[in-house]
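Contents: one structure, followed by commentary.
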Amino acid sequence: MRDLRNVATAMVRTLAGVEPEGRLARFVDLALAGELPVGSEDLPALYEQVLAKLAPDARKARGVYTTPPELVDFVVRSADQLLRDEELGLTGIADHRAVVLDPACGGGAFLLAARSAGVLPTRLFGFEIDPQAARLAAGLSAATVVAGNPLAGPELGERFVERVKRQALLGGAVPVVLGNPPFRGHSANPAKRGAERTWIARLVDLYKVQEPELRLPGQAKWLQDDYVKFLRFGQWLVELGGTGVLCFVTNHAWIDNPTFRGLRKSLLRTFDRLVVLDLHGNENRKEQVPSAHRDALGTRDEGVFAIRQGTAVVALARVSQARRGPRTIVHGDLWGTRERKLATLGDPRAALSWTTVTPAAPAHLFVPVDDRSSREYARLWPLADFFEAEPAPGAVTTHDRFAIALDEEELEARIGAFLEEPDEAAARLRWRLCRQSQWSWRDARAALATGAWRSTVGPILHRPFDERVTAWDRHVTVHRRARLHDHVLGRRNVVLLTVRALETAIPWEHVFVTSLPIQHHTLSMKEVTYAWPLYRYGADGSRTAQISQRALEAFEAATGLHAGEGRGDLENDFGPEDVLAWLYAVLWSRPYRERYDSLLRRGFPRVPTPGDRAQLRTVAAIGQHLVAAHLGGLGEVPEDGPDESDLAFTIGGRRVLQRFLEDRPDADEAAIAVRVGAIRRTRALQQSLDAAARVLVEAAR
Ligand SMILES: C[S@@+](CC[C@H](N)C(=O)[O-])C[C@H]1O[C@@H](n2cnc3c(N)ncnc32)[C@H](O)[C@@H]1O
């Protein structure tokens, strides 16, 4: 690699005399003429290095990251093995019936490896959006490479399948789609062109069928990643071909993240053999080798190539209807250093250990789960079943620097400064203003100049224990989320906050309560915060509790208490506020969090219902205290200042008190004392919960 980097630097120097637009073409000419000091197998990687220097933005925008040769070999070997499977019945990838396509082939790394594995050029195809990379790939591998974007419409894919079918005349051809398509959260292949959804977006919509949550605003954005589009494209091709094999390097998020449940279900319908090797190395999640393997591997877990996301290899096969047997799904993990991972991937004899998995409703996870605790957890109630309505995501200001202030005075001064700034570019730079089409600098200036925004100023929970102010005016806070806002602002309410899944490796501790509107990231930097208000208000000011009938009945049955309103005495009756207190206490209890950590991070939490009256009484009483402490209504405040452990106290992975103090160097003593008091009280209440919750966990076994 180091050598290649040096060669690339030297190349770029040599190309300095050529017109900028002609440099890549010149590089490819030299490469194909054999005039570069590296072997042909290294030329695709060298191309990436040169592109990174000559056109770094294009490289990033197209997700051009060369696949290490060991990983390329592993993908080609995986395809080879699936083809040898009894049901497909080929002799492997070199069989004359296999027709191979890399739909994002870059400089041709996979095409070259397929050639080495015996695939003839007549059966080898590539698509590539970058014409120079396409030319290099074609020249190196002798494959037919089309410079184009296969996601733009069905034409390129259909042409390939026609080619496969022509081969079928010679007897049962099988499409083999493989490669390392780009990963890119903000896809360059948009979901819409004008008002129309694009062809590939309509195909990806299949993953949202029967997934009502994904139709809520902002929920399906991870399905827009390019790797998902390529996966969908490959699946479509195999379906079009009738049978086939699909082997890709992908981001590993889809394996167990709730957003991809529809995708997993769809893959289960299309394919008969599913092999998933999780290569981990997710820097965003700060992944580490799990404790069970640390003696052998140490703690360090690294990515296999130069990206921050964790990766996986997925190898899928679809057999003909006639040969269809029971479906098999296996999962493996590869942990450790990059060097170790590549050595394992590159060695055909390396023993990987596979576990058969049976993805079960509702999540259809493609990972093995600890059977005992997962069976137990599956018996608990989804949080949503305790409530009448769907949870609401927090408000998106789209520009916190502008919209969120420590107090009204600061907001007033800021909007004043905004109105005085005549230059849009300067204003944008200063407050990092919204770039979405729903907001315009010009309209905002005109509207805010009227002063009407002043009557909309109100509080917002910025982070746990950190209330701030905003103007609830769409020129300031762009997406207000009426679903929550209208039931909390100026109302008496308690709102339970949590997240739907965790993307980071920090422990699950993502719960809080508030009586205020919230932000998208109130509870955590990465995950969206969702709110379940206890009450909803009608236009006439009347309120209805949002605890579901089903939950009230289950509590009545378990405790013999009668369901009433508000809070009960827990001798004769209980109310919706006791149910909320129960939920809150369970979610704060450490034995519960530890036991179900791996499951909590995969979706909204599941929570037990009380076993009997005594349990409800003990746990809900602690829950009431926690709610009171977190809403700020705590009587006792400590006299001393915060100590190390107060500062280290985290919610949602953030040191909440420390952040509060950092943002307010001159916070007054009383405000600090209330927060220190609440944190200490929380710790004490968690201790009282330990004993109670251990009973709960044991009862669930
Ligand atoms: C991760 S790189 C892999 C390249 C090559 N397979 C390798 O391993 O060296 C992804 C490739 O996809 C190409 N690409 C990005 N978007 C594309 C699109 N919509 N259609 C076809 N190719 C695309 C990029 O130019 C890049 O060459």
Residues that are within 28 Å of the chain's Cα centre (by Cα), part of a strand (DSSP E or B) and surrounded by 22 or more Cβ atoms within 10 Å (Cβ to Cβ): does region 64-82 have at least one?
no
Restricting to region 236-291, name every residue that is among the small types (Gly, Ala, Ser), touching a residue at least 24 places away in the same chain (Cβ under 8 Å) and at negative phi.
Gly241, Ala253, Gly262, Ser266
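List the helices (runs of 4 or more DSSP H) inside region 581-634, counting only whole elements, that have at least 1 residues being out of contact with any strand residue (DSSP E or B) (no Cβ under 8 Å at 6 or more places or on another chain), of a type in the set (S, T, N, Q) and touching a residue at least 40 places away in the same chain (Cβ under 8 Å). Show your work before the answer.
Values: elements: 590-595, 597-600, 613-631.
Correct list: 597-600, 613-631.
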Just one listed residue, out of Val304, Val314, Val330, is hydrophobic (A, V, I, L, M, F, W, C), in contact with a strand residue (DSSP E or B) (Cβ under 7 Å, 6 or more places away or on another chain), under 22 Å from Gly179 (Cα atoms) and not in a strand (DSSP E or B), and it is Val304
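In region 52-63, which residues are under 29 Å from the mean Cα position of the chain (by Cα) and either hydrophobic (A, V, I, L, M, F, W, C) or at negative phi (or both)? If you could, list the steps in order and put the result at the bottom.
Narrowing region 52-63 to residues under 29 Å from the mean Cα position of the chain (by Cα): 52, 55-63.
The answer is Ala52, Ala55, Pro56, Asp57, Ala58, Arg59, Lys60, Ala61, Arg62.
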Residues that are touching a Lys or Arg at 6+ places or on another chain (Cβ under 8 Å), β-branched (Val, Ile, Thr) and closer than 30 Å to Asp400 by Cα, drawn from region 517-569
Thr522, Val528
State which residue pairs qualify: first residue near the ligand (Cβ under 9 Å from one of its atoms) and inside region 115-141, second residue among the polar types (S, T, N, Q) in any location, beta carbons under 7 Å apart, and separation of 6 or more residues or different chains.
Ile129/Asn149
Could you please find all residues in region 371-406 being modelled with pLDDT under 90 and more than 23 Å from Tyr584 (Cα to Cα)?
Asp371, Arg372
Please determine whether any residue of region 252-270 is touching a strand residue (DSSP E or B) at 6+ places or on another chain (Cβ under 6 Å) and buried (at least 23 other Cβ atoms within 10 Å of the Cβ).
yes
Single residue of region 64-84 satisfying the filter (near the ligand (Cβ under 9 Å from one of its atoms) and touching a helix residue (DSSP H, G or I) at 6+ places or on another chain (Cβ under 6 Å)) that is nearest to Gly346 (Cα to Cα)
Leu71
Can you find a residue in region 176-199 that is modelled with pLDDT of 95 or more and away from the ligand (no atom under 14 Å from the Cβ)?
yes
Only one of (1) under 21 Å from Pro68 (Cβ atoms); (2) touching a Lys or Arg at 6+ places or on another chain (Cβ under 7 Å) is not met by Gly39, so which one is it?
(2)
Those residues that are within 14 Å of Ala114 (Cβ to Cβ), charged (D, E, K, R) and at pLDDT 95 or above, I need them from region 33-84; list them, please.
Asp73, Arg77, Asp80
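Mind checking which residues of region 85-110 are more than 16 Å from the ligand (Cβ to nearest atom) and either within 29 Å of Phe183 (Cβ to Cβ) or among the aromatic types (Phe, Trp, Tyr) (or both)?
In the first step, residues of region 85-110 are kept if they are more than 16 Å from the ligand (Cβ to nearest atom); the result is 85-99.
Once the filter is applied, which keeps residues that are more than 16 Å from the ligand (Cβ to nearest atom) and either within 29 Å of Phe183 (Cβ to Cβ) or among the aromatic types (Phe, Trp, Tyr) (or both), region 85-110 yields Asp85, Leu88, Gly92, Ile93, Ala98, Val99.
The values are calculated or read from the model by the stated rules, or taken from the named source; none is laboratory data. Please read these numbers as outputs of a predicted model, since none were measured by experiment. Note that we place each Cβ from the backbone using ideal geometry, even for glycine, and neighbour counts take in every protein chain shown.
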